[in-house]
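Here is the structure we will look at, set down as structure tokens.
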Amino acid sequence: MATLLRSKLSNVATSVSHKSQAKMSGMFARMGFQAATDEEAVGFAHCDDLDMEHRQGLQMDILKSEGGEEGAETPLEGDIHYQRDGTGPLPPSASKEACSELSGQGKPKITAWEAGWNVTNAIQGMFVLGLPYAILHGGYLGLFLIIFAAVVCCYTGKILIACLYEENEDGEIVRVRDSYVDIANACCAPRFPTLGGRIVNVAQIIELVMTCILYVVVSGNLMYNSFPNLPVSQKSWSIIATAVLLPCAFLKNLKAVSKFSLLCTLAHFVINILVIAYCLSRARDWAWDKVKFYIDVKKFPISIGIIVFSYTSQIFLPSLEGNMQNPKEFHCMMNWTHIAACILKGLFALVAYLTWADETKEVITDNLPSTIRAVVNIFLVAKALLSYPLPFFAAVEVLERSLFQDGTRAFFPNCYGGDGRLKSWGLTLRCALVVFTLLMAIYVPHFALLMGLTGSLTGAGLCFLLPSLFHLKLLWRKLLWHHVFFDVAIFVIGGICSVSGFIHSLEGLIEAFRTNAED
């Protein structure tokens, strides 16, 4: 009798323990954490992938253990299973795999210096080569805009990260969102829970594809100006560059490409130093009288887009901040990276413009003497070709997940087979995307126009308009009056700059289309 009583009490205690553990797991799940199984230590994990959009489909089911025979203890296999389509719990064998994919436990955290290097790589890329052309049409106001854009982009990056956090019942600030898409969806909920994410995805795809087009354009431009005596046109050089880039359609990962891209980025910094050194050698001939306070009304709005586009990094900041060892250092990292970018961009643009004045070209390296122009441009072309796969692969991933792999919400059948291999028609679509970038580069071979259009359309939207709007929508009750003022001012100024730059860039593109059609 005593043995039976002890057995019943043991079963009751075990049941209470399991129920308590399930409740705690459910609480952690609602806070964005994942509880581990009995066989593993309790750990915390959160989804931290930039391109894993529309997480509303993810559901978490708490599995309750059922008691077996009297006196027997049934092991608890797991508290939580993540599923995409809500069709049922994942099998136990797939539980650990799914959780490990969604968690960040296996990902090494990065320091503030490493995070700063990523941001610097994004905002100090080869597109700074178009900044002297912006000074040509904006004068001192263009220099002011370089400083203003750095301040605003630094601020909007910080408030975008603030939108990832909310205060829980205990008054603690916890991370409840993981990406730009999550923030957009939260702002549009509950009426349109996925509308915001789709808008951000469309803007992201446009920016990524336009970046690919710019790489093809700049490759053709640099090669044509490096070897002007060869009977090869700029369009032909663009076709040759695209032929080299066609294998990008077969990419499965970017490990090898990333290593080369790092070397090319370092080479790009060296090239910038060489350009500045050449300009300093001609300091006696600098045309200070050419820098004016007036602006070219027709072309300066395009310069606004060029400057804004050179600072775009907001789209991956949530993922970057989530992978930092100490997220509290994010604000400091943003400050010194944007201060450094502002100083370097301002000096580079001003020094280059003072050297060539009214003869400044869209890509500043085209102004260099022919003796060193070819060497510098070949390095830049190599960087452009090795940088092309990065935005191309990101655009392909967003398209595939949104249109072909988003569970029951996908518009088209899955482009991958059961063995994980890419289907033939999926490969055809990738090749078509590469060809599309070529066609755009051929019909609109204007680096400044395309850069201005992209900066005015998606750059201003992702860097100025949406962060300030989301900040007001999600945190307006806790904002001080000056934060509200800054957000409203940035939204208004960003909207005006975006519309004016887009209109003038579009007019330039239409004119370029007409010119190419006549030729």
Of the residues in the stretch 350-378, how many are open to solvent by 30 Å² or more (accessible area, probe 1.4 Å) and not in a helix (DSSP H, G or I)?
3
Please tell me if Leu230 is part of a helix (DSSP H, G or I), at negative phi and either modelled with pLDDT of 90 or more or out of contact with any strand residue (DSSP E or B) (no Cβ under 8 Å at 6 or more places or on another chain) (or both).
no
Evaluate the stretch 211-223: report whether one residue or more is more than 22 Å from the chain's Cα centre (by Cα) and open to solvent by 10 Å² or more (accessible area, probe 1.4 Å).
yes
Out of all the residues in the stretch 420-432, is one or more more than 22 Å from the chain's Cα centre (by Cα), in a helix (DSSP H, G or I), modelled with pLDDT of 85 or more and under 23 Å from Asn201 (Cα atoms)?
yes
Pairing a residue in the stretch 446-463 that is over 13 Å from Gly508 (Cβ atoms) and in a loop (DSSP other than H, G, I, E, B) with any residue that is open to solvent by less than 10 Å² (accessible area, probe 1.4 Å) and at pLDDT below 80, where Cβ atoms lie under 6 Å and the two sit 6 or more apart in sequence or on different chains, gives none
Test: Val381 is at pLDDT 85 or above, open to solvent by less than 50 Å² (accessible area, probe 1.4 Å) and within 30 Å of Val202 (Cα to Cα)
yes
Could you give every pair whose Cβ atoms fall below 7 Å, whose first residue belongs to the stretch 316-337 and is within 20 Å of Ser179 (Cβ to Cβ), and whose second residue is of a type in the set (D, E, K, R) and assigned to a helix (DSSP H, G or I), counting only separations of at least 6 or pairs across chains?
Pro327/Glu321; Phe330/Glu321; His331/Lys158; Met334/Lys158
Residue count, the stretch 434-465 (criterion: of a type in the set (A, V, I, L, M), at pLDDT 85 or above and touching a helix residue (DSSP H, G or I) at 6+ places or on another chain (Cβ under 7 Å))
8
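Wholly within the stretch 112-219, which helices (runs of 4 or more DSSP H) include no fewer than the required count, namely at least 1 residues that are closer than 30 Å to Val270 by Cα and of a type in the set (Val, Ile, Thr)? Quick ask: steps written out before the conclusion?
Numbers: elements: 112-123, 131-162, 180-188.
Qualifying helices (runs of 4 or more DSSP H): 112-123, 131-162.
So, Lys328, is that one open to solvent by 80 Å² or more (accessible area, probe 1.4 Å), over 18 Å from Ile496 (Cα atoms) and out of contact with any helix residue (DSSP H, G or I) (no Cβ under 9 Å at 6 or more places or on another chain) or not? Give the steps one after another, and end with the answer.
Details: open to solvent by 80 Å² or more (accessible area, probe 1.4 Å): yes; over 18 Å from Ile496 (Cα atoms): yes; out of contact with any helix residue (DSSP H, G or I) (no Cβ under 9 Å at 6 or more places or on another chain): yes.
Yes.
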Please name all residue pairs, on different chains or six or more residues apart, with Cβ atoms under 9 Å, provided the first residue is in the stretch 275-293 and is under 13 Å from Ile372 (Cβ atoms) and the second residue is in a helix (DSSP H, G or I) and open to solvent by 50 Å² or more (accessible area, probe 1.4 Å).
Tyr278/Ile372
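The values are calculated or read from the model by the stated rules, or taken from the named source; none is laboratory data. Note that the structure is a prediction, hence the values are computed from the model and not measured. Heads up, the Cβs are rebuilt from the backbone with ideal geometry, glycines too, and the neighbour counts pull from every protein chain shown. What goes into the accessible areas is simple: the full protein's heavy atoms, side chains included, and nothing from ligands, DNA or RNA. Shrake-Rupley method; radii C 1.70, N 1.55, O 1.52, S 1.80 Å.
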